[in-house]
Amino acid sequence: LTEEGRRRVQEYAVLAGPTRLNGATFCASYGVPGMMGLPGSYPIEFIQKPDQLTIIFEVNNETRRIYIGDRQLPPEQRLPSRAGYSEGRWEGDTLVVKTTDLLDGQDQGANPYSEQATIDERFFVEDVNGTKVLTYQATITDPVYYTEPVKYERRYQPYKGFVIPYACQDELW
């Protein structure tokens, strides 16, 4: 972490307190790359079309869209969000994605980031001990938080169940 990154992480730790509250405690989106490695390994559904990959996460019913090829929103029309704006292209069997237009992810646990961050991602299928798995790799580049790029990797095994509604609920009492 840079000095500014350490300052922001410590600032958030004080705000979160000993219970380590995070944005999800208040029904906020996890954001990228946090949503790609959600706690508890909840199911994720991938829906692929030629010009878009839609990823639906069971937790909080989060949805992420990666626009592929010529289907791109002009930069001046993009709105910053916790998931950012993701554009992808195929390099052989690997989907290469660049995510920009992020809101500050100070509460992103092990991988916080600023609005200046870019996240370069790769999705590919590989054989691991006879099982085909989807490998997700992310590299966060952020001059505000980090002195060098931070790498993150997650593997997903096939899931034969269903993604069910799991909405963030208000207190019932």
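The values are calculated or read from the model by the stated rules, or taken from the named source; none is laboratory data. These numbers were taken from a predicted model, which means no experiment stands behind them. Don't worry about glycine lacking a Cβ; one is built from the backbone with ideal geometry, like all the others, and counts go over all protein chains shown. Only protein heavy atoms, including side chains, enter the accessible area calculation; ligands, DNA and RNA are left aside. Shrake-Rupley method; radii C 1.70, N 1.55, O 1.52, S 1.80 Å.
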Rg from C-alpha atoms of region 55-114, normalised by the globular rule of thumb 2.2 N^0.38 Å, equals 1.24
Please compute the alpha carbon radius of gyration of region 51-153, then divide it by the globular-protein estimate 2.2 N^0.38 Å. Two decimals is fine.
1.12
CD proxy, 222 nm, the chain: helix-only mean residue ellipticity via -39,500 (n - 2.57) per DSSP H run with n ≥ 4, per residue, nearest 500, stands at -2500 deg cm²/dmol
Once the in-chain neighbours fewer than 8 apart are removed, the aspartates and glutamates whose Cα is under 16 Å from K98 read D51, D70, E87, E115, D120, E121, D142, E153
Rh by Kirkwood over Cα pairs, then Stokes-Einstein D for the chain at 1.002 mPa s and 20 °C, µm²/s:
125
Pairwise centroid distance, computed over Cα atoms, of region 113-173 with region 68-99, Å:
15
For K160, counting only lysines whose alpha-carbon sits under 23 Å away and dropping same-chain residues fewer than eight positions off, the answer is K49, K132
Quick one: if the Förster radius is 25 Å, what FRET efficiency do T94 and A13 give, using the C-beta to C-beta distance and rounding to 0.05?
0.10
Under unit Cβ charges (Lys, Arg +1; Asp, Glu -1), what dipole magnitude, rounded to 20 debye, does region 73-173 have relative to its Cα centre?
420
Roll a 1.4 angstrom probe over the protein heavy atoms and tell me the percent of accessible area of the chain that is carbon or sulfur.
53
Give the accessible surface of region 60-173 per residue, rounded to a whole number of Å², with probe radius 1.4 Å and ligands, DNA and RNA excluded.
63
